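Only one structure is covered here, and it is reproduced in the block below.
Computed from the coordinates by the stated procedures, all read-outs in this text should not be read as laboratory data. This one's a predicted model, so the numbers in the text were calculated from it and none came from an experiment. Reconstructed Cβ throughout: ideal geometry from the backbone, glycine too, with neighbour counts over all protein chains shown.
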Amino acid sequence: MLTKLTGGRVFDPEHGQNDVVRDIYIRDGRIVDAPSDGKIDEEIDVRGKIIMSGAIDMHTHIGGGKVNIARTMLPEDHAEALLERTELMRSGCGHAAPSTLTTGYRYAEMGYTAGFEPAVLPVNARQAHMEMADTPIIDKGGYAMLGSDDFLLRMMAANEDQEAINNYVAWTLNHTQALGLKVVNPGGINAFKFNQRKLDLDEKNTFYNVSPREILQRLSRAVTELGVPHPLHVHGCNLGVPGNKDTTLDTIQGIEGLPMHLTHIQFHSYGTEGDFKFSSGAAEIAEAINRNKNITVDVGQILFGQTVTASGDTMRQFAGAPHAHPNKWVGMDIECDAGCGVVPFKYKDQSFVNALQWMIGLETFLMVDDPWRIFLTTDHPNGAPFTSYPHLIKLLMDKSFRNDMLSTLHPEAQKATHLASLDREYSLYDIAIMTRAGAAKLLGLADRGHLGVGAAADITVYTDDADREKMFSKPDYVFKDGQMVVRKGELVKITWGTTHVVKPEYDGSIEKPLQSYFDEFHTMKMGNFKISDDEIVDDGRGSLTVQPLRQGGKL
Amino acid sequence: MTDKQQDGIFHDVVSPFCGIASDDLVVQVEGNTVTVKEQGDSVTRPGFETPLTDLSPRIKGQEVSLDEAVRHIAGLFNNSKQPLIGGMGTDLNGARAAMALADHSRATLDSQFSDAAFRNILVLQDTGYMTTTLTEVRNRVDFLLVVGTDIESAFPRFFERVVWPKESMFGQEIESREIVYLGKAPSGTASTSPGGRRAEVVECSEDDLPEVVAVLRALVNGKNVQAESVGGIATADIAGIAEKLKGASYGVISWSGSQLNHDHAEVTIQTLCDMIKEINNTTRCNGLPLGGKEGDTTVNAVSSWQSGYPMRTSFSRNMPDYDPYLNRGQRMLDEGEVDLLLWVSSFNTAGTPPVTDATTVVLGRSGMTFEEEPEVFIPVGVPGIDHAGRTFRCDSAVSLPLKKLRDSGLPSTFDVLTAVEQAL
């Protein structure tokens, strides 16, 4: 079956195509050349429509223990957003922490065809994959979290060589079925278990005498040397702490040129100026990002309203718990592996701090020059639910809308920002970079995020509309692996995406110390920790897609 | 991974029969006979060794084919005004299939363990908690307070696996770990240290536990308590526990919802959880709720991610509605609100359905016997014996793979429920 999308305006940054009118042909789930015999089975007239590849959310909490704690603890939030079963769709619910089925449906309806869970605790990876397996349509994958796990810290305390650490990282990525490596408050989750309440970049874990800076260097080097395409995904020290911009600047310097992705940078860009001792550090951070080409960021934009924060950063979540709204929260130490904290939160536009957080996120978007190195996220659901992306896109693309919003916020916060003077408006091409081509490149998804021949036919078709929120809320068509799943903003077919992973080779000798570590200290056997390929494939609905490593990657 | 070796011996076998899900069992399989050779206990031995008897489905006591049974169940669902899917003793995929069927048939879901599980879930939904997991406890606990619970009767290997390992990762002297039972005394000596030091027991009646726990919290917070004794316990003794909690580097407070059976035990648990949060203002302390056997944790987890809500969720309005009171399965049966009960209990022959006027369908473990023969009985495979599966441990953080140990030919709960849904 050959489908032709005729006459659309194509935005395909991977191929430098910026509003190029051309036809796209789809066969067997792939984008193909025009048929030599001209024979077409189905033609869809998309003249005048905007065509991009399917959008990729490279940081969204969609599966795993802490997300499910958030779901279970928020029945009142779900009750406001119940969804009926239809002939096509299972019932579901949720706004801040939606059910897995609803998550997949909503992403697809917005033109997203992939989402990546950024905080997969290795011991909890099995659950993360179970939940992602129950998330329809979109592709998925996860970043395994290391850095507060006792095995790594023991290795570092024993001053083991980089090769041993690379081996452990490779082993972990394989057996947690992960696409990348994440670190959350490096060493800090572990330090909290020893009752340390903060951990600056050069502060030592009291038991291991290891600092976050050293952890970042070791893990970033491991990812780089193994050839894992996605740079180390870093949730830095001191999240949410006024003045943490200095930590973030130090972190950028401290990585010494190695590739590093700083996630939800907005939460790490705070100064201490002004009457409220809370100010924007966005200009300095953006300047550092612009200067250091090894750095990529996603923003973690906050938007106003009720949500829930779910994080592996037990230390910082505990500190933030007094702000819980409604007043309930969970903290967990987990398996000498990591931890988590779940704190519901309501961002208020008349709060000085929340208003400034909103501004800091937008300032960052507008002051980072290169759209290939900054990504559109709300750190779903931590800054806002992912369903607010069309609104966020409008804020970026429409200066007058942005400034109208700005003028309604806490007056003192307005005085503390230069946002109103920033004239930049994102173009459709910029949006296509940051939500498609750039994201696929950052994650090393070889055949996604572009519209060239051979690419997976994940395609979104929009009607151009000056109201960008409206435009990005309801695409005309969404194709997932060549199948039309959305028409006129409504789901018409349910498919099940693949799970993207990397499989760096490792030396089996690593299993000797791991075996004795599990036997002596754990309550689970090493063999039972490993997640088999069969578990991902399960009853045949799931599948694994192994992404290639960078050339030159080695153990 | 469970590697089958010669002589039908399997190593590193996971037990789904107890909430701590020990995964170091050695099991021998000869034909359909399963024997726990090593690391067995009073829960896992009957769990694995209960013999196979029934292999055929029955309708009204008459043997029928699986197809016939499935079609009959689908017919019952099609004609039901208010079905209830209860029991829910199953694994990951069984829970997924039950959710899909409930959604399709507008059923209500509840588990046989919900009364106990909800003593914790209600706290999560009202104020939350700070908890820890088994491996953290194994390596870090220096003071364990057990509240109103005889751990070893339900979790026979808890102390061996979690409290008294040979060594801790952090150089702690294991023998120095202190244990205090508050409320109920232990039934045996599993909590006695390797060096022979017995746990301290501070007893009171369960009815007095809410008051005792409230006073403990007050003392932890430095409040002045006038009473000289509470629930028969000298206030000074409770103050001693408060001091130990505050002085510990990593205190752990454990309870089992299934053993706290006083009215509104969730409030007692909530008091403990709020106190734990307060202790964490100065030192570390965590809760360790025990429970979660036979798929209990698993089905609540799956229900939460697929519908947003744990058990006690109804799909009767064609969307999930959660109500921990109205959707309590036993209440619905007692009030005559249910005309069809589908009961799933694949782990335990003792997990029989409640007697009810509602038409009853049972997917049960082979060998289950009934006071009253149900309309339909299908013997289903045991996850982790007859088919592969996955199960969650009590701490919710860890889930484990269950392996197929024998070829009994019994269908899985997933197979049956999926076939029923497709036949609707």
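Among the GluC sites (Glu not before Pro) in the stretch B:331-374, those placed in a DSSP loop whose Cβ has at most 13 other Cβ atoms within 10 Å are B:335, B:371, B:372. In summary, the aspartates and glutamates within cross-link reach of residue A:39, defined as a Cα separation below 16 angstrom excluding same-chain residues under 8 places away, comprise A:23, A:28. Straight-distance candidates among the lysines for linking to residue B:244, with alpha-carbon spacing under 29 Å and chain neighbours fewer than 8 residues away dropped: A:193, A:198, A:204, A:328, B:166, B:184, B:223, B:277. Every helix of 4 or more DSSP H residues in chain A counts as -39500 (n - 2.57), and over all residues that averages to -9000 deg cm²/dmol at 222 nm.
Per-residue ellipticity at 222 nm, computed for chain B from helices alone with -39500 (n - 2.57) per DSSP H run of at least four residues, works out to -9000 deg cm²/dmol. Charge dipole of the stretch B:4-45 (Cα centre as origin; +1 on each Lys and Arg Cβ, -1 on each Asp and Glu Cβ, all else neutral): 120 debye, rounded to the nearest 20.
For the stretch B:275-343, which trypsin sites (Lys or Arg not before Pro) are in a loop by DSSP, counting at most 16 other Cβ atoms within 10 Å? Kindly include the intermediate steps, with their values, before the conclusion.
On the way: sites: B:277, B:284, B:293, B:312, B:317, B:328, B:331; in loops: B:312, B:317, B:328.
Answer by residue number: B:317.
When the alpha carbon coordinates of chain B are projected onto the principal axes, the ranges are 67, 53, 34 Å, largest first. Local charge for residue A:450 was computed over the other residues whose Cβ lies under 11 Å away, with Lys and Arg +1 and Asp and Glu -1, and equals -1. Sparsely packed loop sites in the stretch B:1-85 (the trypsin sites (Lys or Arg not before Pro) outside DSSP H, G, I, E and B with at most 10 other Cβ atoms within 10 Å) comprise B:81. Entry note: the stretch B:4-45 has Rg to Rh equal to 0.96, where both radii use alpha-carbon atoms and Rh is the Kirkwood radius. Shape class for the stretch A:448-555: prolate, because the ratio a/c of the largest to smallest gyration tensor axis (alpha-carbon atoms, square roots of eigenvalues) is 1.5 or more and a/b beats b/c.
A prolate overall shape is assigned to the stretch B:1-77, the ratio a/c of its alpha-carbon gyration tensor axes (a ≥ b ≥ c) being 1.5 or greater and a/b exceeding b/c.
Any idea what the relative contact order of the stretch A:409-488 is, in percent, if you count C-alpha pairs under 8 Å spaced at least 6 apart?
Reported as a whole number, the value is 16 percent.
Note: relative contact order over the stretch B:118-291, using C-alpha pairs below 8 Å and six or more positions apart, is 30 percent. If the cut-off is 16 Å between C-alpha atoms, which aspartates and glutamates fall inside it for residue A:441, apart from same-chain ones fewer than 8 positions away? In chain and number order, the partners are A:12, A:14, A:57, A:139, A:298, A:370, A:430, A:458. If a/c stays under 1.5 just call it rounded; otherwise compare a/b with b/c (prolate if a/b is bigger, oblate if not). Do that for the protein assembly as shown, with a ≥ b ≥ c from the square roots of the Cα gyration tensor eigenvalues. Because a/c hits 1.5 or more and a/b fails to exceed b/c, the protein assembly as shown counts as oblate. Considering only A:344, A:206, A:252, the residue lying farthest towards the positive end of the dipole of chain A is A:344, judged by Cα position with unit charges set on Cβ.
Exposure proxy shown here: for B:11, A:522, the number of other Cβ atoms within 10 Å sets the order, fewest to most, as B:11, A:522.
Cross-link check: pairs A:4/A:399; A:66/B:293; A:140/A:245; A:348/A:474; B:60/B:81; A:49/A:470 evaluated at a Cα-Cα cut-off of 25 Å; pairs beyond the cut-off: A:4/A:399; A:140/A:245; A:348/A:474. Electrostatic tally near residue A:481: other residues with Cβ closer than 13 Å to its Cβ, Lys and Arg +1, Asp and Glu -1, net +1. For the stretch A:52-499, the relative contact order works out to 19 percent when only alpha carbon pairs closer than 8 Å and six or more residues apart are counted.
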